[in-house]
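> Here's a structure for you.
The values are calculated or read from the model by the stated rules, or taken from the named source; none is laboratory data. The structure displayed is predicted, hence computed values, not measured ones. Here Cβ is always computed from backbone atoms with ideal geometry, including for glycine, and neighbour counts include all displayed protein chains.
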Amino acid sequence: MRAVTAATMALVAVLCPAPLTAQTGGDSTVYWLSPLSRLEVKTGKAGLFGFAGHEHVIRARVFSGRVVHYPSAPLSSHIEISIPTDSLEVLTPPDTAEIRKVTAAMRTEVLHVEQFRDITFVSKALTQTHGFRITGELTIVGQTRAVPVDVRVAIEADTLRAEATFAVNQTDFGIRPYRGGPAGLVRVANRVVFDIAVVAVAGPPQ
């Protein structure tokens, strides 16, 4: 969620919390996130025995969001995305026992899904670079931090496509990176990478 067009301004939208009664109209168009979108988080390894651990790819199975595009004032466009924490699915390594262990640790020790139900991203400002840069607020485990995200966007007919990759440190959100193995020597790196490929469609919510 790579070609950039002048229309890419559409992605700089912030999902408004209040529902809109119309999907198009006035001087704006609302694009709803499609299930074809891909939202992933990638973790690395750290520690003395990091080589003995695994890198992990975690994918959101459920998400919602929308982009509000103002053609006459594209820098006023905005986006918001919400991911239920209990929808995050560990994809790697291809070992079911390891996946179960990592998933349990992620939900109970890292994200505390019973207390913090969602991860959200809400845009606050948009600037034009070689593509576009969104300054947004990312909320994880109840902690909100400002995050700059460089975005590539393309619009075809009634479909908006956007791709972005950005990294954050878990400790910035008060998260202690996971440790496991003998004496906790196998650790997940502090830095995690968000890899997002959005497909959003004008019309009713997908």
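> Being among the β-branched types (Val, Ile, Thr) and either modelled with pLDDT of 90 or more or in contact with a Phe, Trp or Tyr (Cβ under 8 Å, 6 or more places away or on another chain) (or both) is the requirement here; does Val90 meet it?
Judged against the criteria, Val90 is not a match.
> Hey, another quick one. Being in contact with a helix residue (DSSP H, G or I) (Cβ under 6 Å, 6 or more places away or on another chain) and modelled with pLDDT under 85: is that true of Pro17 here?
In short, no.
> Tell me, which residue of the range 110-158 that is assigned to a strand (DSSP E or B) and of a type in the set (D, E, K, R) is surrounded by the most Cβ atoms within 10 Å (Cβ to Cβ)?
It comes out as Arg152.
> Mind listing whichever residues of the range 29-65 are of a type in the set (A, V, I, L, M, F, W, C), assigned to a loop (DSSP other than H, G, I, E, B) and modelled with pLDDT of 95 or more?
Leu36, Val62, Phe63 - these are the residues of the range 29-65 that are of a type in the set (A, V, I, L, M, F, W, C), assigned to a loop (DSSP other than H, G, I, E, B) and modelled with pLDDT of 95 or more.
> To continue, here is another question. Being over 18 Å from the mean Cα position of the chain (by Cα), of a type outside the set (A, V, I, L, M, F, W, C), surrounded by fewer than 16 Cβ atoms within 10 Å (Cβ to Cβ) and not in a loop (DSSP other than H, G, I, E, B) is the filter here; which residues of the range 70-97 pass it?
Within the range 70-97, just Thr96 meets the criteria.
> Considering only the range 187-198, I want to know if a residue exists there that is exposed (fewer than 14 other Cβ atoms within 10 Å of the Cβ) and either over 17 Å from the mean Cα position of the chain (by Cα) or under 18 Å from Pro84 (Cα atoms) (or both).
no
> What do you reckon, is Arg161 farther than 24 Å from Arg117 by Cβ, touching an Asp or Glu at 6+ places or on another chain (Cβ under 6 Å) and surrounded by 14 or more Cβ atoms within 10 Å (Cβ to Cβ)?
When the stated conditions are applied, Arg161 does not pass them.
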